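Q: Next up is a structure, given as structure tokens.
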Amino acid sequence: MNQWPSTRARLVLAALLRIGWRIKRESGGSHKILSRDGWSDYTFAFHDADEVGSRMLARIAKKTGLSPDDL
């Protein structure tokens, strides 16, 4: 069973900001380039109201260090 629940994009972004990511720049309405020391930059490409599914959350977690407890 997957440990990731579907979540709104604005909550995922808020969780990333809480664990140390910061918005480096924004491009267009939905693309945000996030940076964190010791990690490669990550492009967060969702509108706030978008639903992010469990598989996508797992991919985001792999690149950002996000855990289910952070949500």
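The values are calculated or read from the model by the stated rules, or taken from the named source; none is laboratory data. Nothing here was measured: the structure is a model prediction, and the numbers come from that model. Glycine also receives a Cβ, built like all others from the backbone with ideal geometry; neighbour counts cover every protein chain displayed. Only protein heavy atoms, including side chains, enter the accessible area calculation; ligands, DNA and RNA are left aside. Shrake-Rupley method; radii C 1.70, N 1.55, O 1.52, S 1.80 Å.
Q: Please determine, by comparing only the residues of region 9-28 that are outside any helix (DSSP H, G or I) and among the hydrophobic types (A, V, I, L, M, F, W, C), which one is most open to solvent (accessible area, probe 1.4 Å). Please lay out each step first, then the result.
A: Within region 9-28, the subset outside any helix (DSSP H, G or I) is 19-28.
Restricting the remaining residues to those that are among the hydrophobic types (A, V, I, L, M, F, W, C) gives 19, 21, 23.
Details: Ile19: 38, Trp21: 7, Ile23: 64 Å².
It comes out as Ile23.
Q: Show the residue pairs that are 6+ apart or on different chains and have beta-carbon atoms under 7 Å apart, the first residue being within region 14-37 and over 11 Å from Asp70 (Cα atoms), the second being of a type in the set (Asp, Glu) and in a loop (DSSP other than H, G, I, E, B).
A: Sorted first by the residue in region 14-37, then by its partner, the pairs are Lys24/Asp41; Ile33/Asp41; Leu34/Asp41; Ser35/Asp41.
Q: Restricting to region 32-71, name every residue that is open to solvent by 80 Å² or more (accessible area, probe 1.4 Å) and outside any loop (DSSP other than H, G, I, E, B).
A: Across region 32-71, the qualifying residues are Glu51, Arg55, Arg59, Lys62, Lys63, Asp69.
Q: Which one of the conditions (1) among the polar types (S, T, N, Q); (2) under 11 Å from the mean Cα position of the chain (by Cα); (3) at pLDDT below 95 does Thr64 fail to meet, given that it meets all the rest?
A: Exception for Thr64: condition (3).
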